[in-house]
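**Q** Sharing a structure with you now.
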Amino acid sequence: MPLTVVSFATYLVDINVSWRHDDYNALKFVKAIKGDPVNLFAYVPVCDVIHRLEQANAEEAIDWFGELVAMYINSQNLGRPLTFVPVPNSGCAATNEEVPRTLLLAQAAANRLEDTDVWDGLRWKSVMVPSSQGGTRDPQDLYNNLSVTKQVPTTTVVLVDDVRTTGSHFVAALAKIAGKGVHCSLAVCAARRVDYQEDLPFSVREEQFPQFVPR
């Protein structure tokens, strides 16, 4: 099934352009979402409120993400019940007890919506090399290394990740749970990577990804 991926910011990777304040603000928002250090401060717009972000309150960015997701879900009048499914971080494997940080994002969204819950049932069969460090973005490789560790939900599912680069993690996760009979057509993430400056680094973007059919 095709997948709609919704993001709420962009993070710029082109160092050869003159960065604007909002380019830095969005990047620091992403760092806070991922649990990386936030230098100095940034201003992050969330549902018409501007939040000052710094290292001391960096974990609040997770709740801001939940607020953004809840705003979007409510605007779409999606049916209930819904189940948020975190895509595991690269270090979260079935062979260890590491808890995905994306679980916090999924919980933050579920906490702001009625008749929703979270299903943390995806793990890598073996620890992945992070994509940012040269790890694979091939959907087939990702699909092959994913495992379902719990009984799948019977409700409609929304996939959750921190950021999107190519979308391969989302489509691989969708194929894995769809093969178990799960219905999912929507994924959400805090931000998407871009190689160019957008007019509004903080903006809701909907992107359509075709169905990935594993071999």
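The values are calculated or read from the model by the stated rules, or taken from the named source; none is laboratory data. The shown structure was predicted, so the numbers you read here are calculated from the model rather than taken from an experiment. Don't worry about glycine lacking a Cβ; one is built from the backbone with ideal geometry, like all the others, and counts go over all protein chains shown. Side chains are part of the model used for accessible areas, which takes the heavy atoms of the whole protein and leaves out ligands, DNA and RNA. Shrake-Rupley method; radii C 1.70, N 1.55, O 1.52, S 1.80 Å.
**Q** Within the range 81-100, is there a residue that is open to solvent by 40 Å² or more (accessible area, probe 1.4 Å), of a type in the set (D, E, K, R), over 22 Å from residue 209 (Cα atoms) and touching a strand residue (DSSP E or B) at 6+ places or on another chain (Cβ under 8 Å)?
**A** So in the range 81-100, the residues open to solvent by 40 Å² or more (accessible area, probe 1.4 Å) come out as 81, 94-99.
Next cut, of a type in the set (D, E, K, R) only: 97-98.
Pick out the ones that are also over 22 Å from residue 209 (Cα atoms) and you get 97-98.
Next cut, touching a strand residue (DSSP E or B) at 6+ places or on another chain (Cβ under 8 Å) only: none.
No, because not a single residue in the range 81-100 is open to solvent by 40 Å² or more (accessible area, probe 1.4 Å), of a type in the set (D, E, K, R), over 22 Å from residue 209 (Cα atoms) and touching a strand residue (DSSP E or B) at 6+ places or on another chain (Cβ under 8 Å).
**Q** Here's something else I'd like to know. With the requirement that a residue be in a loop (DSSP other than H, G, I, E, B), open to solvent by less than 100 Å² (accessible area, probe 1.4 Å) and of a type outside the set (Ser, Thr, Tyr), what does the range 195-209 give you?
**A** Once the filter is applied, which keeps residues that are in a loop (DSSP other than H, G, I, E, B), open to solvent by less than 100 Å² (accessible area, probe 1.4 Å) and of a type outside the set (Ser, Thr, Tyr), the range 195-209 yields 195, 197, 198, 201, 202, 204.
**Q** Between a residue in the range 1-25 that is closer than 13 Å to residue 194 by Cβ and modelled with pLDDT of 95 or more and any residue that is among the charged types (D, E, K, R) and crowded, with 20+ Cβ neighbours inside 10 Å, which pairs come within a Cβ distance under 7 Å, given they are 6 or more apart or on different chains?
**A** Qualifying pairs under 7 Å: 7/164; 7/192; 10/192.
**Q** Further question: Which of the following residues is aromatic (Phe, Trp, Tyr) and closer than 30 Å to residue 153 by Cβ: 84, 41? Spell out the reasoning first.
**A** Numbers: 41 fails: closer than 30 Å to residue 153 by Cβ.
The unique qualifying residue is 84.
**Q** Further question: What number of residues within the range 158-173 satisfy the criterion of being in a loop (DSSP other than H, G, I, E, B) and either touching a His at 6+ places or on another chain (Cβ under 6 Å) or open to solvent by 10 Å² or more (accessible area, probe 1.4 Å) (or both)?
**A** Selection size over the range 158-173: 2.
**Q** Then there is this: Assess whether residue 56 counts as being open to solvent by less than 10 Å² (accessible area, probe 1.4 Å), over 27 Å from residue 177 (Cβ atoms) and either at pLDDT 95 or above or touching a strand residue (DSSP E or B) at 6+ places or on another chain (Cβ under 9 Å) (or both).
**A** On the way: open to solvent by less than 10 Å² (accessible area, probe 1.4 Å): no; over 27 Å from residue 177 (Cβ atoms): yes; either at pLDDT 95 or above or touching a strand residue (DSSP E or B) at 6+ places or on another chain (Cβ under 9 Å) (or both): yes.
Spelling it out, it is not the case that residue 56 is open to solvent by less than 10 Å² (accessible area, probe 1.4 Å), over 27 Å from residue 177 (Cβ atoms) and either at pLDDT 95 or above or touching a strand residue (DSSP E or B) at 6+ places or on another chain (Cβ under 9 Å) (or both).
**Q** Report, by residue number, each residue of the range 115-153 that is touching a Pro at 6+ places or on another chain (Cβ under 9 Å), open to solvent by 70 Å² or more (accessible area, probe 1.4 Å) and within 25 Å of residue 79 (Cα to Cα).
**A** 115, 117
**Q** Take residue 176 and decide whether it is in a helix (DSSP H, G or I) and either over 30 Å from residue 15 (Cβ atoms) or of a type in the set (Lys, Arg) (or both).
**A** Values: in a helix (DSSP H, G or I): yes; either over 30 Å from residue 15 (Cβ atoms) or of a type in the set (Lys, Arg) (or both): yes.
The answer is yes for residue 176.
**Q** Can you tell me which residues in the range 176-194 are in contact with a strand residue (DSSP E or B) (Cβ under 8 Å, 6 or more places away or on another chain), open to solvent by 40 Å² or more (accessible area, probe 1.4 Å) and either acidic (Asp, Glu) or farther than 20 Å from residue 82 by Cβ (or both)?
**A** Answer for the range 176-194, where residues must be in contact with a strand residue (DSSP E or B) (Cβ under 8 Å, 6 or more places away or on another chain), open to solvent by 40 Å² or more (accessible area, probe 1.4 Å) and either acidic (Asp, Glu) or farther than 20 Å from residue 82 by Cβ (or both): just 193.
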